[in-house]
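One structure is given here, and the rest of the page talks about it.
Every number in this text was worked out from the coordinates using simple rules, so none of it is lab data. What you are looking at is a predicted structure, and each value in this text was computed from that prediction instead of being measured. Quick reminder, even Gly has a Cβ in these numbers, built from the backbone with ideal geometry, and neighbours come from all protein chains shown.
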Amino acid sequence: MARIRTVKPAFFRHRGLYLLEQSSRFPIRVAFEGLWTVADREGRFRWKPEELKLDCLPYDELDFSDVLNVLERGDFVRRYEVDAKAYGWIPSFLEHQVINQREAASTIPEPPTSAGTCTHLLAHVEGKGREGNGSGTEVSQKLIDIESPSVLAFPTVGKNGAEWRLRQALVDEWQVAYPNLDVLAECRKALAWLNANPGRRKTARGMSTFLVTWFNRATDRRGGVLGGPAAKSAATPAAAAEFIARGGTR
């Protein structure tokens, strides 16, 4: 049974989904939204392409298996098996949906811990408070191209032993903001620290802020190598993106 789900405005500006749609020639964005309504409260669903097509793209002449394969290659969904039965999981689901407490509990087995999580669906950073109630702030952040390779996997707090994947595109952006730091080397140090201090691990949503704070501390230890105002310009992921957009100037 389909369910009512939430669509955030940033979804329509998601470049990664657009690129998938252009390269595959499938209506990927509509199909992905359709999967949200099929998925249970944990973001899980039975991997039955013919049935899923009826809920997501009933009038399109296509093989929904191909659509699922494209979404899986793009890291938007994960396929897994339990007791020889195939299931699907949307790793970013709970980052974007507020579930009605009256909704039935999931009856689908959890994905294995190796299934990990994806991060590229996070199209913006939200402040405290629910979206739209005026108590939080929202700042745009550069989308990470889905074709950008994963360079490191960070353990996070959360269900299923999820991992946060650091993409090369984000490393490149941060390297511009911190030209006198070896950003990837600092990320490796941060990963080693988190592995040694499991009680200090962050949520997937908090990883970008954690790493930027790590870079700022590394910069301070070196005597502010970004130089006064520039160092402040990279104080947050959003500010770093703005700093880059200005060409690294005030």
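Below is a table of values for the structure above.
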| read-out | value |
| --- | --- |
| Stretch gain in nm, segment LEU152-ILE99, where the contour uses 0.36 nm per residue and the Cα spacing is subtracted | 16.0 nm |
| Ranking of CYS187, CYS56 by count of other Cβ atoms within 10 Å, fewest first | CYS187, CYS56 |
| Neighbour-count order for SER92, SER208, fewest beta carbons within 10 angstrom listed first | SER92, SER208 |
| ARG25/ASN197 FRET efficiency (R0 41 Å; Cβ-Cβ; nearest 0.05) | 0.30 |
| Whole-number percent relative contact order across region 1-55, with pairs defined as alpha carbons under 8 Å at least 6 apart | 37 percent |
| Stretch gain in nm, segment LYS85-ARG41, where the contour uses 0.36 nm per residue and the Cα spacing is subtracted | 13.9 nm |
| Kirkwood Rh and Cα Rg combined as Rg/Rh, region 9-112 | 0.95 |
| Where labels lie 7 Å past Cα in the beta-carbon direction, separation of ARG217 and ARG15 in nm | 3.1 nm |
